[in-house]
Structure formats: C-alpha cells, structure tokens
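Here's the structure we're looking at; comments come further down.
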C-alpha cells in the first residue's frame, strides 16, 4: 500500500512539474520591446489593395537589366523585409542573389513601395517579417517576364 501511495505521489509531482514548465503561447509580455519582429501574427501586414496589387506594382516598376537579357537569365530572387508599425518597409534584403543587376533592381522596386497596412497581434500594432519571391525568365526574347509562382 505504501508503495502504491509513493508511486502515486511521484506521478502527481511529475504532472505538476510538467504543467508548471509549460508556456502559455497566447499571452504576450506587457513589457514587450518595440523592436520585436513577428512572423506569426493575428492580422498579417498587407499591401494596400492586397498581394495582387503588390505584384502589379512590382511588374510595372521592375526593369529587367540588359545584361540579364543578354545572358538569358532565368531564376528566383527571394526578398525579405520588415513591415514597421507605421507601414513603412525596412531591412529590405535579397535572400539569395541571382546576379546580373536583378538583385539591385528588386531592392530598388521594393523600396519604391508605398506604406503597407501594418500587422497586429492581440490588437496591437507590431513589426512583421515578410518574404516573397520574384521569378525572372529572359531565356526567350519574346517572353521576357516576371512572375510570382514557381513554374
């Protein structure tokens, strides 16, 4: 009987200690730093008019450099940036270089972007990290194009 009580007590202690170590993922610190950048938010940052308008903006403003056309470049330019609490963009960078002036052009175009709608978490404005890719195909002179879904 003593053995059963002892094992039961140990089991209960293990359960309580496991419960006390678990984290509440839904609660946020009230002293949260203003510099925190979130990937998962309740309401995503968004371009005015939505992602398709952003794609139109990029297509309209992106000028494929002549050296990329001469080299018949085809590939992906992954871009990452932070949408600030006021909707402005910062920390814009190309994640993987494609070369031939395409990376610089991608940065230039994203920097031209108007302010976005900010992200929110628990009803508060937060900085958020966004990533998207521009796909370039200049292999065929007639079909030079920019697209956003991998083909």
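Quick rundown of the values:
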quantity	calculated
Residues that are over 18 Å from residue 47 (Cα atoms) and touching a helix residue (DSSP H, G or I) at 6+ places or on another chain (Cβ under 6 Å), drawn from the range 67-89	68, 77
Filter result for residue 81 (crowded, with 19+ Cβ neighbours inside 10 Å, modelled with pLDDT of 95 or more and over 20 Å from residue 52 (Cβ atoms))	no
The range 122-151 residues that are more than 15 Å from residue 94 (Cα to Cα), paired with ones that are surrounded by 11 or more Cβ atoms within 10 Å (Cβ to Cβ) and modelled with pLDDT under 75 (beta carbon under 9 Å, 6 or more apart)	122/28; 124/28; 124/32; 126/32; 137/144; 138/144
Residue 118 modelled with pLDDT of 95 or more, surrounded by 12 or more Cβ atoms within 10 Å (Cβ to Cβ) and touching a strand residue (DSSP E or B) at 6+ places or on another chain (Cβ under 8 Å)	yes
Any hit, the range 61-69, residues being assigned to a loop (DSSP other than H, G, I, E, B) and within 12 Å of the chain's Cα centre (by Cα)	no
Test: residue in the range 100-108 that is surrounded by fewer than 14 Cβ atoms within 10 Å (Cβ to Cβ), modelled with pLDDT of 95 or more and in contact with a strand residue (DSSP E or B) (Cβ under 8 Å, 6 or more places away or on another chain)	no
Flag if residue 92 is surrounded by 14 or more Cβ atoms within 10 Å (Cβ to Cβ), in contact with a helix residue (DSSP H, G or I) (Cβ under 8 Å, 6 or more places away or on another chain), in contact (Cβ under 8 Å) with a residue 40 or more places away in the chain and on the phi < 0 side of the Ramachandran plot	no
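The values are calculated or read from the model by the stated rules, or taken from the named source; none is laboratory data. This structure is a prediction, so every number in the text was calculated from the model and none was measured. Counting neighbours? That spans all protein chains shown, and the Cβs are built from the backbone with ideal geometry, glycine included.
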